Amino acid sequence: MDPLFDLFSSLVNVIWSLLDVVVNLVRVILPWLPLLAWVGFWTFAVNWAKTLPILRRGGFIGILLLMFVAVLVWAAVAPPENGKHLMLGLSVSNHAGKFIYVTMLTCIALLCGSAQLSGSFGRLVEFPEEPSADDHGHEHDDTHGGHDHSHDVAHAH
């Protein structure tokens with residue numbers, strides 16, 4: 001009976017050890033969760049094949065304006081405690097620090113798009129084609145049952 005009790009005790013110890021591993025893993029991941037969600041969104045939820053042509057046609061101006069507004073609002077809402085940000089041993093002002101943060105987040109989003117467009121994720125980022133507005137799953141027949149409803153321009157009102 002003693003070996004059976006030792007086995008049960010060992011199993012309980014393994015379960016407690018696994019629980020400790022999970023708790024410590026959560027402690028490590030929890031502070032990084034917003035950044036992981038940011039990367040996951042821009043990698044797996046955005047169809048960069050459709051987004052990139054829009055950015056090339058001038059959509060980047062909207063991105064720059066959104067970045068500017070984000071810096072202004074974030075700097076006004078959450079100033080640092082001592083009035084300055086410490087970055088890589090440098091002391092930068094509130095607006096400059098927020099500008100650096102917003103620029104880094106934008107660069108991360110663009111890098112996620114670059115990775116998606118390179119095909120690094122394979123089938124994980126396949127987006128199904130949406131049917132166009134005139135495609136209803138059947139052939140569009142202008143004659144409506146054999147009757148031609150074309151209108152003569154000369155008889156227009």
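A few comments on the model shown:
- Computed extension length for Leu35-Leu90: 17.5 nm, one decimal, from 0.36 nm per residue of separation with the Cα-Cα distance subtracted.
- Value of relative contact order over the range 46-124, rounded to a whole percent, pairs C-alpha under 8 Å and six or more apart: 31 percent
- Between Met67 and Leu7, full extension at 0.36 nm per residue minus the direct alpha carbon distance yields a gain of 15.7 nm.
- For the peptides 64-70, 100-106, 5-11, the ranking by mean Cβ contacts within 10 Å, running from highest to lowest, is 100-106, 64-70, 5-11.
- Shape call, the range 1-139: gyration tensor on alpha carbons, a/c limit 1.5: oblate
- Extension gain, Val23 to Ile54: 0.36 nm times the residue separation minus the Cα-Cα distance gives 6.8 nm.
- Magnitude of the charge dipole for the range 1-91, about its Cα centre and with charges confined to Cβ atoms of Lys, Arg (+1) and Asp, Glu (-1), is about 860 debye.
- Cβ-Cβ FRET estimate between Ser132 and Thr103, R0 fixed at 41 Å, reported to 0.05: 0.65
- Three-way shape call for the range 46-124 based on the alpha-carbon gyration tensor, with the a/c threshold at 1.5: prolate
A short reminder: the numbers here are calculations on the coordinates, not readings from a lab. Quick caveat: nothing in here was measured; it's all calculated off a predicted structure. Glycine gets a Cβ as well: all are built from the backbone with ideal geometry, and neighbour counts include every protein chain shown.
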